[in-house]
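Asks: Handing you a structure now.
Bear in mind these aren't lab numbers, they're just calculated from the coordinates by the rules spelled out. Just so we're clear, the structure is a prediction, and the values are computed from it rather than from any experiment. Here Cβ is always computed from backbone atoms with ideal geometry, including for glycine, and neighbour counts include all displayed protein chains.
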Amino acid sequence: MKPFQYTRPESLVHAAQLSQDTEALAIAGGTNLLDLMKLQVETPDRLVDINRLGLGEITENTDGTLRIGALVTNTAAANHPRIRADYPVLARAILAGATQQLRNKATTGGNLCQRTRCYYFTNIDQPCNKREPGSGCGAIEGVARLHAVLGTSTECIATYPGDMAVAMSALDAAVHILAEDESERTVPVRDFHCLPGDTPWRDNVLEPGEIITAVTLPPPVQGKQIYRKVRERSSYAFALTSVAAIIAMEGDRIARADLAFGGLAHKPWHDPRLSTLLVGKLPSAALFDEAGDLLLEDAQGFGENDFKIPLARRTLAAVLAEATETEI
Amino acid sequence: MTAHFKQDGPVESNRLDGMKQGVIGKALPRVEGLAKVTGTAPYAAEYQAANMAEGVLVTATITRGTVSSIDTQSVLAMPGVLAVIQDSRMTTRAAQGTAGQAPQQEPQTVSYWGQPIALVVAETFEQARDAAKQLTITYDAEEGAPLDPQAVESEAKEGQTVNQGDLAHAMAEAAHSVDVTIDTEGHASAAMEPHAAIAQWEGDKLTLYASLQMLNYNIAELADALGIEEEDVRLRAPYVGGGFGSKLGISEEAVAAAIAAKQLDRPVRVVMSRQQVFQCIMRRSETHQRLRLACDDDGRLTGFGHDALVSNLPGEAFAEPVLQSSHFLYGGDNRSLSLNVARIHRMTAGSVRAPGEAVGMPALEVAMDQLAEEAGIDPVELRLRNIPERNPEEDLPFSSHKLAECLRQGAEAFGWDSGPRTPRQHKEGEWWIGTGMASAARVHNVSEAKVRVSLIADGTALVRTDMTDIGTGTYTILAQIVGEMLGLPVDKVMVELGDTQNPRGPGSGGSWGAASIGSAAFMACHALRKTLAERVGTSEEELSLKDGIANSGPSLVELLDGKELSELGHYEPGDIADDYTASGFGAFFAQVRVNRFTGEARVDRMLGAFGFGRVLNAKTARSQCLGGITWSIGAALTESLMFDPNDGHLVNCDLAEYHMPVHRDIGEVEVLMVEERDPVASPIQAKGIGELGMCGGAAAIANAIYNACGARLHHFPMTPDRILAALPD
Amino acid sequence: MADYITVNDTKHPLPDDPRVSLLDFLRQEVGLTGTKKGCDHGQCGACTVIVNGMRINSCLALAVMHDGDTVTTIEGIGTPGAPSALQKAFVEHDGYQCGYCTPGQICAATAMLDEIAHGMPSDASDTLEGEIQISDEEIRERMSGNLCRCGAYANILAAIRDVAKEKAV
């Protein structure tokens, strides 16, 4: 860990101002950042501790939305009565991630900013365009087991590793961001994370001097909510693939199908075409296959991770079958 | 006085069974248990020393070549940095088990990515860790180092090739045959305590606190590396946070700490990071195996072939002994076995729990399952029909043989259904359920051992040796053996381990610890009993000791009469090893579920039945078996080292991405100990048990996966992607 | 900002170097080495301690960020002379082998039983609502953040189950 100045700002705006410096990083739970600082993947000169600045509350808004403060821990979010009752896909996604020890520390905002687990990103003696622009991608010609099959670029095939944001993407949640000039903006979770393109170092749309203040969940909707995570170990492992689904039926037809996928791309993957395809249809194995085809029509494997394409297709089918109570 | 015994023949007297204390074999809790559960047991990095400096190893970022320069000035000006050590005596690999001499030194020569090349020492850990990352190094890299074991010409491992009869002919003529190729990926020991050392000099005398398994060899390895005499070295390792082979030999941090402490004239601590433990200690080699089995209509083997390719660095003598139990487990007159080593530039390959059988047995037992299916014979029955009377290659008798009992008792306890075995017969929701089984075998070893047993004037006993307890239960079984022999409850027996000021034990490794050090303690006690018997006026055979009283008369305190009585027990394996084949045997039974959509496999329950001679402590022995079964589950489903194809570096070098099992991966586990006495194995009739529990277990899971869903896998670990790829349409 | 951390009822001054993890602070500065460093990256659970009633990985926490917090380590849970019920159960069931992951397992299990009592669901819970039924699967999932390479899981489960039952009585 490189030496850094540890600062505890007096206010959120102060924190945002301090974070404007490109050599400064905000720290909340620290479960990902400290890991990366020990490896010198992250080497901030200044650490801005944003804990104890409020933002630890979950509040019910009169319009039926639910606001989760950026510093609400994963544990607090997963255990909140409203989230358990109205947004079980989110509670389930959070509980499927990491461990109780880590969830007790990890925060909502921090988890959205979690960086990739790519083995080449976390090893500073290997090439990585995300960590060191222009150094190359070790994974494309190397071991790409964890890596993306959708939305990749020739620069980077890393995945976003989290679970929580996948459920938030299915829920169409919104991220609230405060800038150093006290301006605020709101970005849909679905647009918060970036694809690698030719700027692989960019995980998300946050600009220097911007801080996440909250995530708002839309009013609850009818339907079955499922979070399905496929992993090598039965616990404490990142997803090979995961599916967050909110599926509602009207009679024997699908009336709502909000889906998002983890482990497949540089961001929680949301493809609006799936909803268009599924809504109004009778559930069937053929329909689920069609959905899989659509989801993965542009998928590209890199050898080691080719399996993710059939795995994602099968996991999607399993989730749709469960949600629609269809035998396949 | 020394009580020396060299075992040239069976020891049938079974003296331990004639003792009166009644502690031997009992399921007693560990004597050091409270220290462990309260965090008061000290491990290597936890000793306090005044003015201690902290060292962090720097590792190479090329695969092969030389370090042309290290710019020490790049870090010496950093706060707290004391020195950059680049001494040619530093070691670049861990020593192989029982080497007894320094491993490869001269760290400026690089032969694998991640090899230690220097040590940065600073006042604090944070300062040293940062400086180690900032150190500027230039290399003269040598391109083209071979990295793929299957892409190089391999060499035959000496003494492993067997050719008996005509296997090709037997395969051609067989009523049923199987010819399969099976791959296993590399494994890491990944003991929970990282390798660590604290070195402290007083003049020319070095004391090193370390996390090592075999101090009796490590002291010679360290002295050799440093160019000093063994007499000037004291190693201490009373608590070792797991080893599993990774701490058999002296490792890089210990030698570096000793050199730095001497140079700086102050104590130095070096703890490897978890990533360094993964990258520069030991890997179990991946294996590429071919199994050929031929049998007649009754399922009796007529041909047995097992060929294996493993890998290691150039110059390393160790080759994963894949065929070890294949030589004798099953009969078959026509035999062909071979072991080849590919020389590649990945990190050192060495011993990881149950070297050889851990990967050889699962391959063999998958092939046996396929043969059972081909022949239409129940897999338990197929194995029962093929247990040889004598070692089929060397025509030696077995010291004892409990495979049949383990198979029968295990099958009964598990509720094995010997009916037809068609896959995909049981479904629960999304899951297919199936069962499978496999045999277990692990060669038995013993090693020379010394221990001093003293009767103190107050009537307690003190046991001293440099033997280690790496979690195996050495403290407790020694207290039980000595307590049983000398008629003392275990709380009257103090055991001091892990200090080379004490007599040399056998070290912990190869599952030989308990039988070897236990036999030495037994010999010492036997001699003490003789002296006590004389004092009582009876013979040793007639002497009965219980709760500190001899023959219901005088107490030990009275017999000792204020003076300590001490014996050095010295056990040596003798010629008997040439006269018998000695092995632990067992059987595994598993029930698994496989998700029909995702290919995820989970072990619902697993049972292991094992015969390994005398059980010294039913609790710790069972725990050893549980540990082995847990490792079987890891080897079956999740554990795999992944190497970069371009520079050979270990890619998944941490505990997040190297998937050792977590709690939730382990379903119901049951252990059945099929007790026996093996008078050939050791004077205490015990055999090794630490490794047996993972010698074949992965195959029981593979066979259960096949039974569950019809996917016949020939590649371990059986991750969801491999299962999906193997599913029949 | 308080300038101390309370560890097992004793106040200790914060370290000077902000880089010092809570784990290294406990082991090096406070001198409580019962909390173990197994990976230093939140991947093994050996460093689990209880902070303000919640279990965390002390390796992924900076000591300076815990000013004023109350930390319970394994030494605060029980001593050889007065072990806790879980500590006794681990000895009785041989819920360890080498002992290195053990303090973390026991700290985690101590907090876990409270979490269950508070009705906090887990990935293994059938429903997210209502009282938690303590099943083997619940315990296994909730303890999955604590690796044990010796493979003592089955015995650790037995030890925890025993204590959980006693608590329920």
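Asks: Please report, in cubic angstrom per residue, the volume enclosed by the convex hull of the alpha-carbon atoms of region B:472-568.
Replies: Convex hull volume per residue, Cα atoms: 95 Å³.
Asks: Would you mind getting the Kirkwood hydrodynamic radius of region A:224-324 from its Cα pairs, rounded to one decimal in Å? Please report the intermediate quantities before stating the final value.
Replies: Working: mean 1/r = 0.0727 Å⁻¹.
Final number for the Kirkwood radius of region A:224-324 is 13.8 Å.
Asks: Within a 10 angstrom radius of the beta carbon, how do B:Lys20, B:Lys563, A:Lys224 rank from fewest other beta carbons to most?
Replies: The order, fewest Cβ neighbours first, is B:Lys563, B:Lys20, A:Lys224.
Asks: Rg/Rh for the protein assembly as shown to two decimals, with Rh computed the Kirkwood way over all alpha-carbon pairs.
Replies: Rg divided by Rh gives 0.97.
Asks: Using the Cα gyration tensor of chain A, with a ≥ b ≥ c the square roots of its eigenvalues, what is the shape: rounded (a/c below 1.5), prolate (a/b larger than b/c) or oblate (neither)?
Replies: oblate
Asks: Further question: For n ≥ 4 DSSP H runs only, could you compute -39500 (n - 2.57) per run for chain B, divide by its residues and tell me the 222 nm figure to the nearest 500?
Replies: So the calculated ellipticity at 222 nm is -7500 deg cm²/dmol.
Asks: Let me know the volume per residue of the alpha-carbon convex hull for region B:147-278, in Å³.
Replies: Value for region B:147-278: 198 Å³ per residue.
Asks: Please compute the alpha carbon radius of gyration of region B:611-660, then divide it by the globular-protein estimate 2.2 N^0.38 Å. Two decimals is fine.
Replies: For region B:611-660, the normalised Cα radius of gyration is 1.68.
Asks: Mind listing P(r) for region A:5-49? All alpha-carbon pairs, 10 Å bins, whole percents.
Replies: Answer for region A:5-49: a P(r) of 30, 56, 14 percent.
Asks: Further question on the same structure: Taking θ = phi - 60°, what integer Hz values does the Karplus form 6.51 cos²θ - 1.76 cosθ + 1.60 yield along region B:610-616, in sequence order, with x for Gly and Pro?
Replies: Taking θ as phi minus 60°, the curve returns 10, x, 9, x, 5, 8, 7 Hz for region B:610-616.
Asks: Across 5 Å bins from the origin, how do the percents of Cα pairs in chain C run, short distances first?
Replies: 1, 9, 18, 21, 19, 15, 10, 5, 2, 0
Asks: To continue, here is another question. Please work out the Cα center distance from region B:506-525 to region A:55-84, rounded to the nearest Å.
Replies: Centre-to-centre (Cα) distance: 60 Å.
Asks: Let me ask another. Taking θ = phi - 60°, what integer Hz values does the Karplus form 6.51 cos²θ - 1.76 cosθ + 1.60 yield along region A:314-324, in sequence order, with x for Gly and Pro?
Replies: Each residue of region A:314-324 in turn: 5, 5, 4, 4, 4, 5, 5, 5, 5, 5, 9 Hz.
Asks: While we're here: Could you give log10 I(q)/I(0) at q = 0.08 Å⁻¹ for chain B, computed by the Debye formula over C-alpha point scatterers of equal weight, without solvent?
Replies: Listed by q, the Debye log ratios stand at -0.65.
Asks: In addition: Nearest 0.05, what FRET efficiency do B:Thr136 and A:Glu207 give at R0 = 35 Å with Cβ-Cβ as r?
Replies: With a Förster radius of 35 Å, E is 0.55.
Asks: Sort B:His570, B:His444 so the one with the fewest other Cβ atoms within 10 Å of its own Cβ comes first.
Replies: On the way: B:His570 21, B:His444 28.
Listed from fewest to most nearby Cβ atoms, that is B:His570, B:His444.
Asks: Can you spot the lysines whose alpha carbon is less than 28 Å from A:Lys105's alpha carbon? Ignore those fewer than 8 places along the same chain.
Replies: List returned: A:Lys2, A:Lys38, A:Lys130, A:Lys229, A:Lys267, B:Lys36, B:Lys133, C:Lys11, C:Lys36, C:Lys37, C:Lys167.
Asks: Contact order normalised by length for region C:85-168, with contacts defined as Cα pairs under 8 Å and 6 or more residues apart; what percent is it?
Replies: 47 percent
Asks: Tell me which residues come under 5 Å, amide H to amide H, from A:Arg117 once H is placed; ignore anything under 5 positions away on its chain.
Replies: A:Thr159
Asks: Which number do you get for Rg(Cα) / (2.2 N^0.38 Å) in region A:136-180? Could the numbers behind the result be given before it?
Replies: Working: Rg = 14.5 Å, N = 45, 2.2 N^0.38 = 9.3 Å.
Taking N as the residue count of region A:136-180, the ratio is 1.56.
Asks: Over the alpha-carbon set of region B:381-451, divide Rg by the Kirkwood Rh and report the Rg/Rh ratio to two decimals.
Replies: Rg/Rh for region B:381-451 comes to 1.15.
Asks: While we're looking at this one, here's another question. Run a plain Debye calculation on region B:271-324 (Cα atoms as equal point scatterers, no solvent) and give log10 I(q)/I(0) at q = 0.21, 0.25 Å⁻¹, rounded to two decimals, same order as the q list.
Replies: Results for region B:271-324 at q = 0.21, 0.25 Å⁻¹ read -0.87, -1.00.
Asks: What do the square roots of 5 times the Cα gyration tensor eigenvalues come to for region B:191-239, in whole Å, largest first, as semi-axes of the equivalent ellipsoid? Intermediate values should be presented prior to the final figure.
Replies: Details: eigenvalues 72, 29, 15 Å².
Working through the eigenvalues yields semi-axes of 19, 12, 9 Å.
Asks: Could you work out the equivalent-ellipsoid semi-axes for region A:47-141, taking the square root of 5 times each eigenvalue of the Cα gyration tensor, largest first, in whole Å?
Replies: Equivalent-ellipsoid dimensions as semi-axes: 33, 16, 12 Å.
Asks: Send over the semi-axes of region B:524-601's equivalent ellipsoid, whole angstrom and largest first, taken as the square roots of 5 times the C-alpha gyration tensor eigenvalues.
Replies: Equivalent ellipsoid of region B:524-601: 51, 21, 13 Å, largest first.
Asks: Among B:His195, C:His12, which comes first, second and so on when ranked by fewest other beta-carbon atoms within 10 Å?
Replies: C:His12, B:His195
Asks: With equal scatterers on the alpha carbons only and no solvent term, can you work out the Debye log10 of I(q)/I(0) for region A:104-259 at 0.16, 0.19 1/Å?
Replies: Evaluating at q = 0.16, 0.19 Å⁻¹ gives log10 I(q)/I(0) of -1.02, -1.27.
Asks: Something else about it: Per residue and in Å³, how big is the convex hull formed by the alpha-carbon atoms of region B:56-150?
Replies: 113 Å³
Asks: Determine which aspartates and glutamates satisfy two conditions relative to B:Lys450: a Cα distance under 12 Å, and not lying fewer than 8 residues away in the same chain.
Replies: The qualifying aspartates and glutamates are B:Asp466, B:Glu567, B:Glu572.
Asks: I've got another one for you. Where Rh is the Kirkwood radius over the Cα pairs of region C:89-169, the temperature 25 °C and the viscosity 0.890 mPa s, what D in µm²/s does Stokes-Einstein return?
Replies: In µm²/s, the coefficient rounds to 191.
Asks: Please report the Cα spread of region C:4-77 along all three principal axes, rounded to whole Å, starting with the longest.
Replies: Principal extents (largest minus smallest coordinate, Cα): 28, 28, 20 Å.
Asks: Quick check: Cα centre of region B:1-53 to Cα centre of region B:449-473, how many Å?
Replies: The two parts, judged by their Cα centres, are 7 Å apart.
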